[in-house]
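Enquirer: Got a structure here, written out as structure tokens. Questions coming.
The values are calculated or read from the model by the stated rules, or taken from the named source; none is laboratory data. Just so we're clear, the structure is a prediction, and the values are computed from it rather than from any experiment. Every residue, glycine among them, receives a Cβ derived from its backbone with ideal geometry; neighbour counts consider all protein chains shown. Protein only, heavy atoms only, side chains kept; ligands, DNA and RNA dropped before computing areas. Shrake-Rupley method; radii C 1.70, N 1.55, O 1.52, S 1.80 Å.
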Amino acid sequence: MRNNNYKFVQKEVISQQPPPLSQAGFTGWLWKNLFSSMTNFSSISAAFQSIIMFILTIVLLYFCGGQLYGLIDFAIISAVWSDPEVLKRGSCTTVDQGGSLPSGWSGACWPFIFAKKKLLIYGRYPGEELWRVNLVYLTLFLGIGYTLFEGAKGRQWTGLAMLTIFPLFALILLTGANFNISWTTLLMLFGLSILFIFLGELARKNLFGKIISELVSLFYICGVTLFLIFFAGLLLSIDYGLSYVETSDWGGLLVTLVVAITGIVASLPLGIILALGRRSSMPIARTISTVFIEFWRGIPLITVLFASSVLLPLFLPDGVDFNKLLRALIGVMLFSAAYMAEVVRGGLQAMPRGQFEGASAMGLSYFQSMRLIILPQALTHVIPGIVNTFIGLFKDTTLVLIIGLFDLLGQAQSTIADAYWSSPAQAPTAYLAVAIMFFVFCFGMSRYSMFMERKLSRGHK
Amino acid sequence: MSKSYSNAIDLIYNKRFRSIFFQITLLISVILFFLWVANNANNNLTARGDSFGFGFLSNTAGFQILPTLGTWVVDYDVGKSTYFDVYLIGIINTFIIAITGIIATTILGFSIGIFRLSNNIIIKGFATIYIEAFRNIPLLLHLFFWYFAVLRILPGKREKVSLLGESFGINITGFYGPRPIFNEGWEFVVLGVLISIILVIMFSRYAKRIHQQTGYKYPTFWISSGIIILIPCLICLIYSLLYSLPIEIQFPEFKTDGPKLKRGYAQGVGMMMPPEMLALWLALVLYTASFIAEIVRAGILAIHKGQTEASYAVGLGRGETLRLIVIPQALRIIIPPLTSQYLNLTKNSSLAVAIAYPELVSIFAGTALNQVGQEIEIIFMMAMVYLTFSLLTSLFMNWFNSRIKLVER
Amino acid sequence: MTKDEEKEIDQSKMTISEEVVIKVEQMNKWFGHFHVLRDINLTVNKGERIVICGPSGSGKSTLIRCINRLEEHQKGIIEVNGVELNDDVKKIDKIRSEVGMVFQSFNLFPHLSALENCSLAPIWVRKMPKKEADDLAMKYLEIVKIPEQALKYPGQLSGGQQQRVAIARALCMEPKIMLFDEPTSALDPEMIKEVLDTMIDLAQGGMTMLVVTHEMGFARKVANRVIFMDEGQIVEQNNPNDFFSNPQSDRTKLFLSQILDH
């Protein structure tokens, strides 16, 4: 028999009702996020799981809660924050240890960190010249901030400036410039750059025939690069009236930032070239790029630092010597170029085939299509990857303390030897301070990178 | 017609010529560069009075090395063993840290990754805090924390903290635990292990066949575990009843009386892990686990929700869905970045140089290099070890990827 | 519009029995604070072919997903084949093995072949020997007319072929009820027909079906009841003829004017 009484028309609209209490609101949230995992007894395995979850929850609450509380207690509650009577170690040690605090006290010694803050941020940079470092820090902060700020006008230009002009600016300010670069070298660079640009002009006007005209872009690139090197050399040889500060006096956060930022900025062009080389259809270029990349990715950074510290003087002609920081920078740059190459290569691979085809269909040469179409898009794809590489590099800068450079961690370690502040809290406080600084920095950057990734993927849906 | 023909020739000639010309130039520049570098090195070495060569490897190394697995295997003796032995010790110690570290960090990382996916806020919160805290702090700082901060507060040489009764103990000289001693007849036990492995393989094949033929599923996992545990134990028991114990467990000995100098853990009894190794191991395992946790989480999340829904809709339970549908697909995504983390852990073991644990970098590129010079040869030999690891891993990755690739049009 | 070979619908097996297979009483569901299903009352008899339509966001997918517990309801009762749906895992598994579901995005398992996709559940849920399960899978792959694709992987099949494998996969558990969640919405136009034909064959075989779809031609041909939902409520139910020619509610009229006119 057919069931006919389903014919139905709804007369009124049922409005939204609030959900039952147990489902929404705080109780609902609590249920869903906590108790539901522990109360499912509908089958033996489910019951078993529920019991395990319960035990685990209790154990973690006890353990984690305990550790977290201990940390907060050490760092904040029981910590000493000021040293008004300038007791130094007296303010951070108990009476039994010769200090002023009651027995059984244990906590962080923040006056110690405050006293050492110049060392930690600048190293042994001369006090009167600190304004130079501060100026560099300020420019860095403002430049990066502006480039990353959504909606800021012309931020590609600030970005480009940060990548090219800023390093030079920072170098001049930090070292004091006035390098001894021979006039002959400068003139030679200048001359060669003009020559290449001139050749480029001639080639563009098809004056040498078809074969040479393909090399137009090559000539221009060589010319412009040489000119930039000349210009940089010129700027570096001028006497600005700033006193020379040796790189061995740099320390703390300054060294960390210099190594990390130089590493990334210098490795970017090399990384792009390597990535293009690895994807190239020319077997020799491909082999050389692949070998380079796999070699530098296969060895630990410490080996690279040791090698550059110890081998670089051997590999350079007699008389040419780089200071320790520069040797480390060269090693870091080559090392991170290999990782950068892989990140860029990933970005290029993610590009839809149609872009390459579209560009060549328009008649653009290889270099032109790369410059105008492919690389701008690929680079946007890889920015999260680049940020992640930077975060890794930032953490890896701590390794330079092993070859005797004083980065933030190394400098902090050196402060532990100060007998005036000697106390059981000295070492833990120092390491805790460094840990907090790294955490804030790295966590912030990784959040930014995730934000960028989400934004970019949304733009493609 | 002829004009387009000559244009075509121009183009082909041009493009290929350009490519060959460029490649030859590149090759020549690279070769010239290496020749220049080698020439400089040669000049600098002769100026110093050194020469290039591997002969130093047979010279005796005159320095102490912390007793570790490496020194035990190579039977290191100060004044008798050569620099080549030092090289081997470094490799063995690196290897031991890498292998044990990789196993531990995989277990920990997977657990934390799965915790992060739980719907229990406490467990999920713990996992998140762990991941963010450990990931954003440099490894060297982890190492210093464990070595200087934690291990230093351990009791001194003549005290200890014991775990599990007296079987494990820890103080400032190291971490002590039971050690297997191989007596007469240990070969039979090893044979027993091998036999049980073969039995397990045979059984799982059999169980699979039965499953396909009749639909009945043996609890393969439990039965296999039983076999692997019981058979060697049985052999041990039988042998000890007939003769004597083929494998003994030697527990660490702690002397509490006698001359003060001799109190504390007896050397050579039980297994000892120096505090440097313990610190390095803890730092590496906990640090890498935070990255692995993220990889595992991303891999499982990447599996489209529809897959689990389709699996539930067709009647499969949670366990089966996980085992048959989610994990096979998630593993495809997880394994490539996982192996690169394994490689990172191996390379990061080189940080041992900061706390003087005798792995490859610290004793070979550290102490040995300081004693002999010969930087180029030593660094080259060291780089070769790491490059071999990397190459083997890459090859494995490529093979694995081609095997499990999802078949597509 | 060219007329494809319009098959004559074989009505012989499409009988509706007295047996109630799905009973939904005063069912309400919330997503957080959003009241997505409001006071749903529905009775489905064995052999019925019901098409559910409505604007997006009306809750029609959510409704059928509640029936096999892919979504949980907070208030009211859902009974499938006499078994009440609640948190009891055993009951849920039992119901799921009797209710088959076909998804909009197919959701085939990409690491298994078409044959393995189909035989997976019989092997692991019904504990069938592999050979029997494979034969069963081949039988249903033949019914959906793609036996030659049995050893291919989903990545090698077209959308229409994948969806037909999905249908076969659901059928391999020999369910009493089939749920379809917009089965043709993700397909290119030329492949929609092959899937609809498969569903028509299924209906002709007497299967109880609940279909969420926009394909009104299908509704006219095969359905015995059309349900229109809007804003979480069932607004109108009727037989297809009366529904399309004489919609009662204003909301129904508005919806029909939008989808039938393009």
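Enquirer: Shielding by partners for B:208-216, please: the mean number of other protein chain Cβ atoms within 10 Å of each residue's Cβ. Please report the intermediate quantities before stating the final value.
Expert: Working: counts 1, 1, 1, 5, 7, 4, 6, 11, 2.
Whole-number average of other-chain Cβ neighbours for B:208-216 is 4.
Enquirer: Whole number please: convex hull volume per residue, Cα atoms of the range B:244-361, in Å³.
Expert: On the way: hull volume 24.9 nm³, N = 118.
Here the figure is 211 Å³ per residue.
Enquirer: Follow-up question, since we're still on this one. Between residue B:197 and residue B:331, take the C-beta separation as r, use R0 = 35 Å, and let me know the FRET efficiency to the nearest 0.05.
Expert: On the way: r = 23 Å, r/R0 = 0.66.
Plugging the Cβ-Cβ distance into 1/(1 + (r/R0)^6) gives 0.90.
Enquirer: Further, regarding this structure: Rounded, prolate or oblate: pick one for the range A:386-461, where a ≥ b ≥ c are the square roots of the eigenvalues of its C-alpha gyration tensor, a/c under 1.5 means rounded, and failing that, prolate if a/b is larger than b/c, else oblate. Write down the numbers at each step before the final one.
Expert: Working: a/c = 6.69, a/b = 2.51, b/c = 2.67.
Oblate, because a/c is 1.5 or more while a/b does not exceed b/c.
Enquirer: Same structure again: Rounded to the nearest 100 Å², what is the buried accessible area between A and B, both sides summed, probe 1.4 Å? Intermediate values should be presented prior to the final figure.
Expert: Working: alone 28250 and 25720 Å², together 48990 Å².
Answer for the A-B pair: about 5000 Å² buried.
Enquirer: Here's something else I'd like to know. Rg and Dmax of the range B:111-150, Cα atoms, in Å?
Expert: Radius of gyration, then largest Cα-Cα span, for the range B:111-150: 12.6, 37 Å.
Enquirer: In whole Å, how far is the Cα centre of the range B:337-409 from that of the range C:35-71?
Expert: 58
Enquirer: Another one. What number, in percent, do you get for the relative contact order of the range A:328-412 if the mean sequence gap of Cα pairs under 8 Å and at least 6 apart is divided by its residue count? Numbers along the way, then the final one.
Expert: On the way: 41 pairs, mean separation 25.7, N = 85.
Computed over the range A:328-412, the figure is 30 percent.
Enquirer: So if R0 is 22 Å, what FRET efficiency would residue B:256 and residue B:150 give, r being the distance between their Cβ atoms, rounded to the nearest 0.05?
Expert: 0.30
Enquirer: Moving to a separate point now. Could you tell me what a quarter of the Cα convex hull surface of the protein assembly as shown works out to, in nm² with one decimal place?
Expert: For the protein assembly as shown, averaging the hull's shadow over all directions gives 61.3 nm².
Enquirer: Return the whole-Å distance between the Cα centroid of the range A:244-290 and the Cα centroid of the range A:428-459.
Expert: Computed from Cα coordinates, the inter-centre distance equals 22 Å.
Enquirer: Is there a pair in A:117/B:347; A:395/B:405; B:208/C:131; C:29/C:127 whose C-alpha atoms are over 23 Å apart, and which pairs would that be?
Expert: Over 23 Å Cα-Cα: A:117/B:347; A:395/B:405; C:29/C:127.
Enquirer: Sorted from largest to smallest, which semi-axis lengths in Å does the alpha carbon gyration tensor of the range B:176-233 give for its equivalent ellipsoid, taking the root of 5 times each eigenvalue?
Expert: Numbers: eigenvalues 197, 30, 8 Å².
Semi-axes (√(5λ), whole Å): 31, 12, 6.
Enquirer: Give the distance, in whole Å, between the Cα centre of the range C:205-262 and the Cα centre of the range B:264-325.
Expert: 51
Enquirer: Tell me which lysines have Cα within less than 21 Å of residue B:260's Cα, excluding those fewer than 8 residues away on the same chain?
Expert: Partners found: B:157, B:160.
Enquirer: So for chain A, what percent of the C-alpha to C-alpha distances run longer than 33 Å?
Expert: Values: 60076 of 106030 pairs.
Result for the distance tail: 57 percent.
Enquirer: For the C and B pair, go ahead and give the buried accessible area with a 1.4 Å probe, both sides summed, in Å² to 100.
Expert: On the way: alone 12980 and 25720 Å², together 36130 Å².
That pair hides around 2600 Å² of surface in total.
Enquirer: Just need log10 I(q)/I(0) for the range C:1-110 at q = 0.10 Å⁻¹, Debye formula, equal scatterers on the alpha-carbon atoms, no solvent, rounded to two decimals.
Expert: Values, matching the q order: -0.38.
Enquirer: Students often check this: by mean Cβ neighbours within 10 Å, which of A:107-119, B:345-357, C:31-43, B:206-218 ranks highest, and how do the rest follow? All intermediate terms of the calculation are to be shown ahead of the outcome.
Expert: Working: A:107-119: 19.8, B:345-357: 23.8, C:31-43: 17.5, B:206-218: 14.1.
Going from most to least packed, we get B:345-357, A:107-119, C:31-43, B:206-218.
Enquirer: Any idea how far apart residue B:223 and residue B:267 come out in nm if each label point goes 7 Å out from Cα toward Cβ?
Expert: 5.2
Enquirer: What are the aspartates and glutamates whose alpha-carbon lies under 18 Å from the alpha-carbon of residue C:176, with same-chain residues fewer than 8 places away excluded?
Expert: Answer for residue C:176, where 18 Å is the Cα cut-off: C:18, C:19, C:48, C:79, C:84, C:93, C:98, C:201, listed by chain and number.
Enquirer: Once you have the alpha carbon radius of gyration of the range B:232-300, what is it after dividing by 2.2 N^0.38 Å, with N set to its residue count?
Expert: Working: Rg = 20.9 Å, N = 69, 2.2 N^0.38 = 11.0 Å.
Output field value: 1.90.
Enquirer: Where the Cα atoms of the range B:155-259 are projected onto their three principal axes, how long is each span, largest first, in whole Å?
Expert: 71, 33, 17
Enquirer: Further, regarding this structure: Evaluate Rg over Rh across the range C:58-110, taking Cα atoms for both radii and Kirkwood's formula for Rh.
Expert: 0.98
Enquirer: Taking a quarter of the surface of the convex hull around the Cα atoms of the range C:131-241, what do you get in nm²? Intermediate values should be presented prior to the final figure.
Expert: Details: hull surface 31.9 nm².
Result: a mean projected hull area of 8.0 nm².
Enquirer: Could you sort A:365-374, A:255-264 so that the peptide with the highest average Cβ count within 10 Å comes first and the rest follow in order?
Expert: Sorting A:365-374, A:255-264 by mean packing, highest first, produces A:255-264, A:365-374.
Enquirer: Okay, next question. Viscosity 1.567 mPa s, temperature 4 °C: what is the translational diffusion coefficient of the range B:324-391 from Stokes-Einstein with a Kirkwood Rh over Cα pairs, rounded to a whole number of µm²/s? Write down the numbers at each step before the final one.
Expert: Numbers: Rh = 14.0 Å.
Once the numbers are plugged in, D ends up at 93 µm²/s.
Enquirer: Looking at the square roots a ≥ b ≥ c of the eigenvalues of the Cα gyration tensor of chain C, which shape do they give, rounded for a/c under 1.5, prolate if a/b is larger than b/c, or oblate?
Expert: oblate
Enquirer: If you don't mind, another one. For the range B:50-130, what value does the Rg/Rh ratio take when both radii are computed over Cα atoms and Rh is the Kirkwood radius, given to two decimals? Present the calculation step by step, with values, prior to reporting the outcome.
Expert: Working: Rg = 21.4 Å, Rh = 15.9 Å.
Ratio of gyration radius to Kirkwood radius: 1.35.
Enquirer: Something else about it: Of all the C-alpha pairs in the range B:290-409, what % are more than 26 Å from each other?
Expert: Working: 3175 of 7140 pairs.
Within the range B:290-409, distances greater than 26 Å cover 44 percent of Cα pairs.
Enquirer: Expressed in nm to one decimal, what extension gain is obtained for the pair residue C:15 and residue C:254 from 0.36 nm per residue of sequence separation less their Cα-Cα distance? Could the numbers behind the result be given before it?
Expert: On the way: separation 239, 0.36 × 239 = 86.04 nm, distance 3.23 nm.
Net length gain for the segment: 82.8 nm.
Enquirer: Write down the radius of gyration of the range C:104-175 and its Dmax, each obtained from C-alpha positions, in Å.
Expert: 10.8, 31
Enquirer: Round to a whole number: what % of the accessible area of the range B:53-201 belongs to carbon and sulfur, probe 1.4 Å?
Expert: 72
Enquirer: Using +1 at the C-beta of Lys and Arg and -1 at the C-beta of Asp and Glu, which of C:92, B:231, B:271 has the Cα lying farthest in the positive direction of the dipole of the protein assembly as shown?
Expert: Looking along the dipole axis, the top candidate is C:92.
Enquirer: Take the Cα radius of gyration of chain B and divide it by 2.2 N^0.38 Å, with N its residue count; two decimals is plenty. Could the numbers behind the result be given before it?
Expert: Numbers: Rg = 28.5 Å, N = 409, 2.2 N^0.38 = 21.6 Å.
Rg over 2.2 N^0.38 Å, computed on Cα atoms: 1.32.
Enquirer: Please report the orientation-averaged projected area of the range A:121-209, defined via the convex hull of its C-alpha atoms, in nm². Walk me through the numbers on the way to the answer.
Expert: Numbers: hull surface 39.5 nm².
So the mean shadow area of the Cα hull is 9.9 nm².
Enquirer: How crowded by other chains is C:235-244, given as the mean number of beta carbons from other chains within 10 Å of each beta carbon?
Expert: Details: counts 5, 4, 5, 4, 4, 0, 0, 1, 1, 0.
Mean inter-chain Cβ contacts per residue within 10 Å come to 2.
Enquirer: Could you give the accessible area per residue of chain B, probe 1.4 Å, as a whole number in Å²? Walk me through the numbers before you get to the answer.
Expert: Working: 21890 Å² over 409 residues.
The answer is 54 Å² per residue.
Enquirer: Other chains' Cβ within 10 Å of B:322-329 residues: what's the mean? Provide the component values of the computation, followed by the final result.
Expert: Numbers: counts 0, 1, 8, 5, 0, 0, 4, 3.
Taking all residues of B:322-329 together, the mean is 3.
Enquirer: List the lysines whose Cα lies under 20 Å from the Cα of residue B:80, skipping any in the same chain that are fewer than 8 positions away.
Expert: Of all the lysines, none pass the test against residue B:80 - Cα under 20 Å, at least 8 places apart if same chain.
Enquirer: Which order do peptides A:66-75, C:70-79 fall in by mean Cβ count within 10 Å, highest first? Please list the in-between numbers first.
Expert: On the way: A:66-75: 12.8, C:70-79: 17.7.
Packing order, densest peptide first, comes out as C:70-79, A:66-75.
Enquirer: Would you kindly calculate the translational diffusion coefficient of the range A:320-457, applying Stokes-Einstein with the Kirkwood radius from alpha carbon pairs, for 10 °C and a viscosity of 1.306 mPa s, and quote it in µm² s⁻¹ without decimals? Walk me through the numbers on the way to the answer.
Expert: Working: Rh = 18.3 Å.
The estimated diffusion coefficient comes to 87 µm²/s.
Enquirer: I've got another one for you. Quickly work out the residue A:59-to-residue A:242 label distance, labels modelled 7 Å from Cα along the C-beta direction, and quote it in nm with one decimal.
Expert: Each label point lies 7 Å from its Cα, and together they span 5.7 nm.
Enquirer: Run a plain Debye calculation on the range A:287-362 (Cα atoms as equal point scatterers, no solvent) and give log10 I(q)/I(0) at q = 0.20, 0.23 Å⁻¹, rounded to two decimals, same order as the q list.
Expert: Log10 of I(q)/I(0), two decimals: -0.89, -1.04.
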